[in-house]
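Inspection log for the structure reproduced underneath, given as structure tokens.
The values are calculated or read from the model by the stated rules, or taken from the named source; none is laboratory data. Being a predicted model, the structure only gives us computed values, none of them experimental. Because the Cβ atoms are built from the backbone with ideal geometry, glycine has one as well, and the counts that use them run over all protein chains shown. All accessible areas refer to the heavy atoms of the entire protein, side chains included, with ligands and DNA or RNA removed. Shrake-Rupley method; radii C 1.70, N 1.55, O 1.52, S 1.80 Å.
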Amino acid sequence: MDPTGLGLPPLIAAFVFGLLGGAHCIGMCGGIMSALTFAVPPSMRSPARLSGLLLGYNLGRIASYMVAGALVAALGTLLTLTPTTRVALQLFAAVMLILMALYIADWWKGLLRVEALGKRLWRHLEPVGRRLMPVVKVPQAMALGAVWGWLPCGLVYSMLAWSLAMADPMMGAALMGAFGLGTLPALLATGLAARQLGGLIRHRATRSIAALSIIAFALWQLWSLLPAGAHG
């Protein structure tokens, strides 16, 4: 099943979704990436070491996404997903994309209410993550990334709606993995050049362009859900 309704291979669509949401990922996790960089003692801040730590963190984060995707898709196998239900999930994912875009551009913060749904779990995980810092070894970075992968995030929740519609744990994990890889370029760049990119990322024009791109993607998805005759 194509959870986007766009006729795109699901994994490609998930990867594109991650790329478009990179600005939000930077806002959510960019501070963590910067902290990983600057917490390393100056004498140990070689490019190779920093790259290894940042890659380890992101591999752990993506692994958590994949576990969540498999769990949600497994739940989908227990549900009766009729064609109407699947369209409803596609509609939900598109609406979540639009809300995410508004959040990224700082036009409307209503999505914070959705992210609040995951705060109960996060209260138990955050202390675990704090005990892993400062990070100086790759396994430590991977463990921290695995914890921070459960940070409440509306963008991730939107993607999990697609995983639910897949009703296949392996495919749900793969979908979330592709999404995580799409977010990787922005977060790696932020960690390796935090000071240089900080001003650009915070610039209103950058955030607005990213938001408009996501809205266009969501509207394309909504258009595809219309009956064939309505395309006119």
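What the table shows:
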{"quantity": "Rg to Rh quotient for the range 52-167, alpha carbon positions, Kirkwood Rh", "calculated": "1.03"}
{"quantity": "In Å, descending, principal axis extents of the Cα set of the range 113-159", "calculated": "34, 21, 11"}
{"quantity": "Spacing of the two label points (7 Å from each Cα toward its C-beta) at Leu225 and Arg131, in nm", "calculated": "4.3"}
{"quantity": "Projected label distance in nm at Thr82 and Trp122, using a 7 Å step from Cα toward the beta-carbon", "calculated": "3.6"}
{"quantity": "Principal axes of the range 144-192: Cα extent on each, largest first, Å", "calculated": "37, 19, 18"}
{"quantity": "Heavy-atom accessible surface of the range 44-135: percent carbon and sulfur, 1.4 Å", "calculated": "69"}
